[in-house]
Amino acid sequence: MPVRRVNLGLVVLGLALLSLTPAAPSFLRRPELVAVHAYRPLDLLRREIGEAEAEEEGLGFAPELAARIEAGLSRWDELLLGDAGADGVVARIVAIDRVRRRLLVDAGEGIRLAPGDAVTAGRFALGVVDRAEGGLAVVDMPWTPDARFAGSAEDASGAEVRLILAGLDRHEWTASVSHPERLSALRVDGDVRVPVVDDLLPESVPRLPPGLVLGSLRVDELLRKTGTEAFRVVPTLDVRGLDAVCVRTAGASAGGWSAGFERREVSALACGLASPGRDGLVLTGLGLPDGAAVTWGGMFFGSIEAAAFGAARVRGVFDPGQDRCVVVLSARRSGPIVVRTLRAWRGGGRLRVGSEQTRPEVGDLVVTSGRGEHVPRGLFIGAVVRVDGETIDVLRGEVSPSAPVEVLRRRGLPDDPWRDD
């Protein structure tokens, strides 16, 4: 029986093409993580040499920073809670569904959220809980396609007119205005607020608190081109720039969002990503979930980008090209901003702040906003050391090579928190 020769080049090409498909096994899609284990003896030798030559330890996480972060977040949380009082709980925004225009929020393990719970931020009404499980909740907003919300606007005489808002499937976040309570000339550019509907709904039905702002009234230019006079509502507060919301729920007094995270110490390879222009790390350990937060010496280093075969690649917080929502804390003001990383250097990096956002000041602290299932809110990223127009320099400081590296993960996550019933 003749022996068939196998063309090694075709085999390699076939495996390479297979690795590009979604159905490819993990050992083909992430071969670099398999190769990590071959360099572990060399990395151990390099680590011992580096520690022997080190003349001083790194700065690490100063204890006084924890008090400053807690005080700054508390001031910002008071603004988010508004007049909710004991019925409100602060929930971090885990993710935003930009297609369906919904929020995934996390109030923490032990908090029981329920469908219909009002979701607000200060004087703004953001939406209602659609479904909840394990402290996580999917929030429908007035901009969610097919969602319905009651609203009210003023007419030319200043009288209130109740109407219905329905999310529109357009490129921009907007909602249509329909079923006005009476025929009237609505006042364009005015606020659309939550109306009083006690005459329409019994007290047992959950609802948004009346008087809070839903958005701003506009003329629907798209329908005007067809000769139809119509109105639409656009958001006054952009939730894409928020780090957290207030959920008004009966379970607000129990549990807490910080109680749902567990820490696990892992080993980090000293070689990192072998590139001075990148900010990252390579870890070794089993059971490391994608997206998990990584701290080094108590400070936020980045998130796991890929994990397989007992190794994980971490993309650093200062790795260029990332758009990230962070929270800036100072003695005078606190709040979230969206930044883009421009460059990284040892222990810090340069970020660009959006043109319409508040500029941080030198000395302000930058912490995580809580984006991502396994990323807590309030982890220290660095301090602002320089402000130049739209760019800021943030310094984390040197970290001792012997400082613990920990992976954080959120316990009790549902398999599919976005699921549609």
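Within the range 388-400, the set of residues being open to solvent by 60 Å² or more (accessible area, probe 1.4 Å) and in contact (Cβ under 8 Å) with a residue 12 or more places away in the chain comprises GLU390, LEU395, GLU398.
Tell me, which residue of the range 111-132 that is of a type in the set (Gly, Ala, Ser) and assigned to a strand (DSSP E or B) is most open to solvent (accessible area, probe 1.4 Å)? The extreme case among them is ALA132. Scanning the range 355-376 for residues that are in contact (Cβ under 8 Å) with a residue 40 or more places away in the chain, assigned to a loop (DSSP other than H, G, I, E, B) and more than 16 Å from the chain's Cα centre (by Cα) returns a single hit, GLN357. Taking the conditions exactly as written (over 16 Å from ARG396 (Cα atoms), in a strand (DSSP E or B) and modelled with pLDDT of 95 or more), does ARG340 satisfy them or not? Spelling it out, ARG340 is indeed over 16 Å from ARG396 (Cα atoms), in a strand (DSSP E or B) and modelled with pLDDT of 95 or more.
Within the range 325-354, residues that are touching a residue at least 60 places away in the same chain (Cβ under 8 Å) and more than 19 Å from SER303 (Cα to Cα) reach partners that are of a type in the set (D, E, K, R) and open to solvent by 60 Å² or more (accessible area, probe 1.4 Å) with beta carbons closer than 7 Å, at six or more positions or on different chains, in the pairs LEU329/ARG68; SER330/GLU361; SER334/ARG75.
Inside the range 284-321, residues that are in contact with a helix residue (DSSP H, G or I) (Cβ under 8 Å, 6 or more places away or on another chain), outside any strand (DSSP E or B) and open to solvent by less than 30 Å² (accessible area, probe 1.4 Å) make up a count of 1. With (1) under 21 Å from ARG411 (Cα atoms); (2) open to solvent by 20 Å² or more (accessible area, probe 1.4 Å) as the list, and ALA91 as the residue in question, which single condition is left unmet? It is condition (2) that ALA91 fails.
The values are calculated or read from the model by the stated rules, or taken from the named source; none is laboratory data. In this text, all values refer to a predicted model and were calculated from it rather than measured experimentally. For neighbour counting, all protein chains shown are included, and Cβ atoms are generated from backbone atoms with ideal geometry for every residue, glycine included. Please note that ligands, DNA and RNA were not included when accessible areas were found on the heavy atoms of the full protein model with its side chains. Shrake-Rupley method; radii C 1.70, N 1.55, O 1.52, S 1.80 Å.
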